[in-house]
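Shown next, in structure tokens, is the structure this report addresses.
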Amino acid sequence: MSHRILLLGAPGAGKGTQSKKLAEEYDLEHVTTGDALRANKDMETEYGTPRSFMEAGELVPDPVVNEIVEAALAEADGFVLDGYPRNLDQAEYLSEITDLDAVIYLDVDEDVLVDRLTGRRVCDECGANYHVDFQPPEEPGVCDECGGDLIQREDDQEDTARERLEVYRENTEPVIEHFRDEGVLVEVDGEGTPNEVFDEITDVVES
Ligand code: AP5
């Protein structure tokens, strides 16, 4: 059976890390607005380019993001969705275009989030994710998977990371509340090791 999973959580909660594992485990499409926007940072839209919003830690306007998600979900049989919805209007749009069978919230304390974001490094070539302390590569600055250079995302500088957390509190926490009120939200402790968190998530998906 194909799953339709939504993974919610603050910036740095581990959505990308866990989504990748879920997509592999259950043969799902990984639909992530963050990666889609990073791949199209300089795309011209009537609101300007995504880059200006992303580098300030702000949300990209809804119509741009809604279109990306609708196209990606229309092509996917099963999926794990990460990075969307980030406000109540996006949540409403999502409920119009698909049904979900699991909504999982990764709960991580704010101090841990800042450390995870500022220490994250990503591969310039293949996008693999590392952390200088928590998930270091074998050789500093070099990707274990493809040998590419590891870089810091622009928006992982401490000031922008804190701004993203502020935007999250204001816009995205109400989305978590919305799913909690609907009685469909399952909370998972996101502070274990990546494998411990993954085991908890798969228990939810299979229950
Ligand atoms: P996006 O790319 O979606 O970023 P985010 O939600 O801020 O999430 P992150 O990718 O930073 O964190 P994550 O939860 O995936 O954590 P990860 O697994 O990497 O969005 C970026 C920007 O795009 C936004 O600011 C906005 O401008 C725009 N945007 C995107 N979607 C949008 C939308 N829907 N509407 C409008 N605008 C949108 O883990 C983080 C680090 O922690 C890594 O280094 C990892 O190695 C480490 N780590 C992970 N798990 C663990 C663990 N269990 N223990 C120890 N370390 C861990």
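Computed from the coordinates by the stated procedures, all read-outs in this text should not be read as laboratory data. Just so it is clear, the structure is predicted and the values come from calculations on it, not from any experiment. Ideal geometry is used to build each Cβ from the backbone, glycine not excepted, and the neighbour counts take in all protein chains shown.
Measuring from a point 7 Å past the Cα of N195 along Cα-to-C-beta, which residues in the range 114-146 have an amide N at less than 19 Å? Within reach of a label on N195, which here means backbone N under 19 Å from a point 7 Å along Cα→Cβ, the range 114-146 contributes 129-131, 133-138, 144-145. Across the chain, the mean sequence separation of Cα contacts (distance under 8 Å, 6 or more residues apart), normalised by length, yields a relative contact order of 29 percent. Taking the average, over residues, of other Cβ atoms within 10 Å as the packing measure, peptides 42-53, 172-183, 6-17, 72-83 rank 6-17, 72-83, 172-183, 42-53 from highest down. A Gaussian network model of the chain, with springs between Cα atoms under 10 Å, assigns the largest mean-square fluctuation among E67, E163, E29 to E67. Running a GNM on the chain with Cα contacts under 10 Å, which residue among N87, N195, N171 ends up with the highest mean-square fluctuation? Residue with maximal mean-square fluctuation among N87, N195, N171: N195. Shape summary: the range 62-163 maps onto an equivalent ellipsoid whose semi-axes, from the alpha-carbon gyration tensor, are 30, 18, 13 Å in decreasing order. Take every DSSP beta bridge whose two residues both sit in the range 41-196; close to 60 percent of them are antiparallel. Farthest toward the positive end of the dipole of the range 108-170, out of P137, V167, T118, is the Cα of V167, where the dipole comes from beta carbon charges about the Cα centre.
Average projection, convex hull of the Cα set of the range 1-131: 8.4 square nanometres. Computed log10 I(q)/I(0) for the range 1-60 at 0.12, 0.15, 0.30 Å⁻¹: -0.38, -0.56, -1.23, from the Debye equation with unit scatterers placed on every C-alpha and solvent omitted.
Working note: 222 nm ellipticity from helices only, DSSP H runs with n ≥ 4, each -39,500 (n - 2.57), summed and divided by the residues of the chain, gives -13000 deg cm²/dmol to the nearest 500. Taking all C-alpha pairs of the range 122-207, those more than 15 Å from each other amount to 73 percent.
Distance from the C-alpha centroid of the range 98-152 to that of the range 2-56: 13 Å, rounded to the whole angstrom.
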